């Protein structure tokens, strides 16, 4: 090999490595651009760190994970499960599968008796702006008051055609609030392992721990308008699809997803949180 040939090879080697590095960089950029459509608008758990996050949510989308149900997804984003299903062409019994994309930027048809759900599509969210406090819900109609001759743990009250009872007899330590420190239900004190009872007859539509901040959670569907939820359980004693009776023990009270033993109890009407106290027998 002569001097000129070896000099040419020495000069071409660095250029070859540069070309390879540039090629890798271009490929990486192309892969990133191709991935962007699948990332833009996808809601993750980071949404809970957003100071403007106050459901209902009408932007982005949700990718279904194992163990989730349409009921739990609708609960997470403050939507009516029927409306969200209609928006995504998911018909009863609302079966979904891991990896399925649920569009949140679309609105379905308005369920009967749900004035807060519109049928027109909503544009994607543009900026993080605090939502105004939701309008107060009208007081529910009590059709049968509780029998005060029995103890509180067994008293029931019929409201909106559902017979309700306390899910736990402990002291209410935090009430429903739509301003200040928002609380979409009530918190009831108790001891770890205390029985948690179904507040009314219904069907278990979610039993798991996939909703951030709720710990071990049970959601029960009572009729086409009402759902109830029982959070922070130590142990769940029922399964999805199981029919339960009012007063049936469905869980053991605990502290999962929170800082102390308590039951967080919610009632939602057409996807909207309502104050549970008017539905439960007075103390």
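Details
- Put in line by how crowded their Cβ is, counting other Cβ atoms within 10 Å and starting with the fewest, 219, 236, 96 read 96, 236, 219.
- Cα→Cβ-extended label distance, 7 Å offset, between residue 224 and residue 179, nm: 3.5 nm
- Sorted fewest first by neighbouring Cβ atoms within 10 angstrom, 181, 239, 262 come out as 181, 239, 262.
- Compared with the alpha-carbon gap, the fully stretched path from residue 239 to residue 103 is longer by 46.3 nm at 0.36 nm per residue.
- Neighbour-count order for 160, 72, fewest beta carbons within 10 angstrom listed first: 160, 72
- Maximal additional length on extending the residue 144-residue 59 stretch stands at 26.5 nm, based on 0.36 nm per residue less the C-alpha distance.
- Shape of region 162-283, Cα gyration tensor, a/c cut at 1.5: rounded
Any read-out appearing in this document is the output of simple, stated calculations on the displayed coordinates, not a laboratory observation. Predicted model only: the values in this text are computed from it and were never measured. As a convention, Cβ positions derive from the backbone with ideal geometry for all residues, glycine included, and neighbour counts pool all protein chains shown.
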